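Structure first, then comments.
Derivation of every value follows stated rules applied to the coordinates shown; laboratory data play no part. Please read all numbers here as calculations on a predicted model, not as lab measurements. With ideal geometry, Cβ positions are generated from the backbone for all residues, glycine too; neighbour counts draw on all protein chains shown.
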Amino acid sequence: MRTVLDASAAANIILRTALAAGLIEKLKHSHLVIAPALFHGEIANTLWKYARIGELEKEMALTRYAEAVGLVDIFEADEQLAAEALATAIRYQHSVYDMLYVILARRHGCGVLTVDKKLIALIRQLDKSMLA
């Protein structure tokens, strides 16, 4: 099984939330985990928010960032996905950011591992088999 890992799921794993164990279990069944390059910025921004409010020290934020990046086997360049993501985002009135994950999954025949409720609803609308 191949999986597209989105930043919301990765953040839950590296921040060790109550959802982490279930997400890790799903990742264990994947022989390949991929993500768009956008993943780097999304994870870094999430960790910055936790550091800003004092819930993570700088060094721990950097450690968690490295952990998140380590969950992914292959990153695909956003420019390879952006035009199709834009067209699909316009069609379904959903963010281009989320569509990068959807388009990546569609192209590689993967499921998307996410905890983002809006993204889950969109994937159910597009193709339920794309949910990891």
Checklist entry - In deg cm²/dmol and to the nearest 500, what is the mean residue ellipticity at 222 nm of the chain if only DSSP H runs of at least 4 residues count, each as -39500 (n - 2.57), divided by the residue total? => result -18500 deg cm²/dmol
Checklist entry - What FRET efficiency comes out for the pair LEU19/LEU86, r = Cβ-Cβ distance, R0 = 30 Å, nearest 0.05? => result 0.50
Next on the checklist: Please list 3J(HN,Hα) in residue order for the range 13-18, calculated via the Karplus relation 6.51 cos²θ - 1.76 cosθ + 1.60 where θ = phi - 60°; whole Hz, with x for glycine and proline.
Outcome noted: 5, 6, 8, 6, 6, 4
Next on the checklist: Quick check: the angle from helix 38-52's long axis to the longest principal axis of the chain, C-alpha only, nearest 10 degrees?
Outcome noted: 30
Checklist entry - By the scheme Lys and Arg +1, Asp and Glu -1, what is the net charge of all other residues having a beta-carbon under 12 Å from that of ALA11? => result -1
Checklist entry - Cα-based count: Lys pairs in the range 2-130 below 22 Å, eight or more positions apart or different chains? => result 9
Checklist entry - For labels at ASP127 and THR63 in the simple 7 Å Cα→Cβ model, what's the distance in nm? => result 4.0
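To check you understand DSSP bridge types, tell me what percent of the beta bridges within the chain (both residues inside) are antiparallel, rounded to 5. All intermediate terms of the calculation are to be shown ahead of the outcome.
Details: 0 of 10 bridges.
Here the share of antiparallel DSSP bridges comes out near 0 percent.
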Next on the checklist: Between the range 1-70 and the range 90-109, what is the separation of their alpha carbon centroids in Å?
Outcome noted: 19
Checklist entry - Using alpha-carbon pairs under 8 Å, 6+ residues apart, how would you state the relative contact order of the chain in percent? => result 32
Checklist outcome for this item: Relative to the chain, whose Cα atoms define the longest principal axis, helix 58-70 and its Cα axis are tilted in degrees, nearest 10, by 40
